[in-house]
Structures are given as C-alpha cells and as structure tokens.
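All of the numbers you see were taken from the coordinates with simple rules; none came from a lab. A quick note: this is a predicted structure, and the numbers were derived from the prediction, not measured. Neighbour counts are summed over all protein chains in view; Cβ atoms, including those assigned to glycine, are modelled from backbone coordinates with ideal geometry.
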Amino acid sequence: MRTLLRSWLIPERTGGPEPITDPARRRVVVIELAIVFAMTLGLSGARSLLSLVDSLVRPEPLSQQSVALNVPQATVDLIDLLKQLLSALQLFTWGALGLYLLWRAGFRLASIGIDRTDPRRDLRLGAGLALLIGVPGLGLYLLAYHLGASLTVLPSTLDDTWWRPVVLTISAAANAWAEEVLVVGYLISRLRQLGRGENAALLVSAVLRGSYHLYQGFGGFLGNLLMGLIFGRLWQRTDRLWPLVIAHTLLDVVAFVGYTLLRDRVGWLP
C-alpha cells in the first residue's frame with residue numbers, strides 16, 4: 001500500500017525526449033512557453049485575475065454578482081451562430097498548436113496519449129473520471145456560492161434556437177481540447193524537458209488551470225485547481241490524454257446543455 005501511494009505521489013518520468021541541458025536550447029523552450037501561453041490560456045489567467053479584483057472592489061458581495069460563459073455574440077441569428085463556431089475553432093487551433101510544437105520537438109503524439117490504441121478504454125476511463133469530478137465539483141461550487149466565495153455562474157445565456165445545444169456541445173469539446181492539450185500534455189511535457197520534477201510540473205499545470213477560472217470567484221479557482229491535480233496526475237500515470245479530453249467534454253456538456261434545460265425547472269440552481 002505504501003509503495004502504491006508513493007508511486008502515485010511521486011511518479012516516475014515517462015516517455016518523450018530527454019531533458020534539455022544545452023542553455024541555448026533551454027532558452028528557446030522557455031521563450032516558446034512564454035509566447036504560447038501569452039497568446040492563449042496564460043493571458044486568459046491574467047484577465048481572469050483582473051476580473052476577480054474588479055468583482056471584489058464592487059459594493060455587492062460575490063454571490064450577488066454573476067458571470068456568463070456562453071453569451072450571444074451578435075443580434076442576427078445566423079451571424080451569432082457563425083461567431084460561436086469561430087470561437088470554438090480558435091480553441092481547437094490552440095490545442096493543435098500545442099501538439100504541433102511537441103511534434104516539432106521530437107515527441108510522438110502516441111507518447112502523450114493522442115492515438116487510437118484503445119478508444120473503448122479511453123471512453124470508459126473518461127466517463128468514470130467525469131463522474132468522479134462532476135458530482136463533487138457541483139457540490140463545491142454550491143458550497144462556495146452559499147459561503148459568498150463565488151459568483152453566480154451562468155453556463156449559457158444563448159437564445160433558445162435550434163442550434164443552441166449543437167453549439168454548446170461543440171464549445172464544450174473545444175474547451176476540453178484546448179485546455180487538456182495545452183495545460184497537461186504540452187505544458188508538463190515541456191517542463192519535463194526543462195528538468196522540472198513531476199510534482200513541480202503538476203503543480204504549475206494545476207495552478208494555471210485554476211488561474212483562468214478566477215473570474216468565477218475563489219470557488220472556481222479551487223475547484224479547477226483540484227481538477228488539475230487529478231487530471232494531471234492521471235496523465236502522468238497513464239500517458240493517455242484522450243480520457244481527460246473526454247471527461248472534460250462530458251462535464252462541460254452537462255453544465256452547458258443541462259443548465260439550459262434545468263434553469264427554469266429546479267429551484268436549487270443559483
């Protein structure tokens with residue numbers, strides 16, 4: 001039991017290129033990381049922090065403020081649909097950029113778990129992970145909300161159109177793809193090359209994940225920090241990224257689409 005616990009807390013380094021020791025090459029990787037996350041989720045984290053500060057200086061408490069995740073982007077229905085799809089496309093390309101940079105650096109995509117080795121196993125593990133994270137995550141959000149540490153999160157304020165569930169599902173998949181590829185597969189792999197230990201890389205990944213959810217309040221940060229620790233460690237132990245993408249997609253589909261179906265039918269949703 002002690003050996004199993006130790007192997008989970010301090011996993012061995014898995015596949016991929018060896019750590020980089022040449023100072024010039026290390027600088028290239030550091031610059032690459034800075035540029036990638038300045039363009040993508042790191043910038044989102046900075047904006048999210050400013051949003052939280054702005055919420056904290058307002059006179060009303062956090063629980064009386066709200067933030068919407070999927071909002072209309074145009075007044076014309078067709079233009080709104082196209083802009084929603086373009087937003088999702090941007091997220092898909094963020095993840096594709098991370099994979100491309102790893103491939104250029106000598107990583108096989110199979111080494112980070114993006115392959116079709118065992119799709120049924122990936123699907124089962126992803127569904128189980130979604131269940132493991134989803135129920136406690138909802139409970140944590142409701143607790144933080146009632147303690148005044150979280151804003152009211154509105155997963156969608158899109159109009160009731162025929163394409164709303166389709167767009168929300170695509171948006172869920174796009175969010176999952178971008179976050180899991182960049183924050184887990186790409187970031188941890190690059191930190192390994194810089195010689196960072198598994199636990200240090202995991203903590204950086206989880207804090208980054210929590211940072212770009214700060215706009216939701218302290219509950220959003222803490223919940224996503226814990227999710228990042230679980231997701232990141234699972235990837236470090238299994239080298240499978242697809243289960244994380246699947247689980248994250250399922251969680252967001254339930255949150256986005258489920259909210260639109262339940263918000264006027266149940267009284268326990270904020």
Region 162-222: C-alpha gyration tensor shape, a/c 1.5 cut-off, then a/b vs b/c: oblate
Folded to 0 to 90 degrees: helix 218-238 orientation relative to the chain principal axis, Cα: 30
Ranked by how many other beta carbons lie within 10 Å on average, peptides 89-95, 33-39 from highest: 89-95, 33-39
Dimensionless Rg over Rh [region 7-130; C-alpha; Kirkwood]: 1.06
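Would you mind calculating the gained length between V28 and T161 on full extension (0.36 nm times residue separation, minus the Cα-Cα distance), in nm to one decimal? Mind showing how you got there, number by number?
On the way: separation 133, 0.36 × 133 = 47.88 nm, distance 4.70 nm.
Contour length minus Cα-Cα distance gives 43.2 nm.
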Positive dipole terminus of the chain, leading residue within V204, L129, L86 (C-beta point charges): V204
Between 0 and 90°, nearest 10: helix 119-146 axis offset from the chain longest Cα axis: 50
Computed magnitude of the charge dipole of region 24-262 (debye, nearest 20; Cβ of K, R +1, Cβ of D, E -1): 1080
Peptides ranked, highest mean first, by Cβ atoms within 10 Å: ranges 182-195, 69-82, 18-31: 182-195, 69-82, 18-31
Nearest-ten-degree value, helix 77-104 long axis tilted from longest Cα axis of the chain: 10
Sorted by Cβ density within 10 Å, fewest first, the residues T260, T249: T260, T249
Choice from D115, D54, D239 with maximal GNM fluctuation in the chain (Cα, 10 Å cutoff): D54
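Quick check: from the Cα gyration tensor, does region 49-116 come out rounded (a/c under 1.5), prolate or oblate?
Details: a/c = 3.63, a/b = 1.65, b/c = 2.20.
The shape class here is oblate.
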